[in-house]
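Here's the structure, in C-alpha cells; my notes come after.
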Amino acid sequence: MIKTGDALPDVQFNVPDPDGMKPMRTAEIFSGKTVALFAVPGAFTPTCSARHLPSFRDKAAELKAKGVDVIACTAVNDHFVMSAWAKDQGVAGDIMMLADGSGDFARATGLDADFSKFGMGPRSKRYSMIVKDGVVQHLNVEDGGEYKVSSAEHMLTQL
C-alpha cells in the first residue's frame, strides 16, 4: 500500500468535463499543486453521498484557505456516473471527479478492496490524502466500514 512520502503512480483517469470526458494522467492533475484527494467505494452509495462528498463540498473554502489548490474525488466508477453524481451533489466544477473505471489507480496504490459481498465487485477503500506535487503528505485510510479519518474535517487538522 502507498504510504506517506511515496509518489503517486502514473495512471490515466477519465475526468468528466463539459465536452464529455477528458483523459488525464496523474502528473497533469497533481504536479505542482496541493491536492486534497478523497476516495469513495462508489458514487451514489449512502455514506459517500450523505457524508463523505458533502464534507468536502461544505469545507471547500476552508481547505483552499489552508493552501489546497484542487479538491478531487476518485472512485472505481466510469466518468458518466461520476459526472451524474457531481451534478446530483452540486459539485460540478468545484470538486474534480477522477473516474477510475477499471480500478487502475486503486490497485496501483494498494488501496483497492473487494466489495463483492455487497454486489459491487472490485472497488476502492474509503480514504483521503493530501498530495503535494505528486507526493503523499498525509494518508488517512478508514478501517472497514468506518467514516472518520477520511473526512474533510479531519483533513483540515492536517493542513
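Key figures for this structure:
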| read-out | value |
| --- | --- |
| For the range 57-144, radius of gyration divided by Kirkwood radius, i.e. Rg to Rh on alpha-carbons | 0.97 |
| Only Lys, Arg (+1) and Asp, Glu (-1) charged, at Cβ; the chain dipole about Cα centre in debye | 240 |
| All aspartates and glutamates inside 14 Å of K66 as judged from Cα atoms, apart from same-chain residues fewer than 8 positions distant | E153 |
| GNM result for the chain, Cα springs below 10 Å: residue of F38, F118, F56 fluctuating most strongly | F118 |
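Where a number appears in this text, it was derived from the coordinates with a stated rule and is not lab data. Bear in mind the structure is a predicted one, so any value in this text is a computation, not a measurement. Cβ coordinates were reconstructed from backbone atoms using ideal geometry, including for glycine residues, and neighbour counts include every protein chain displayed.
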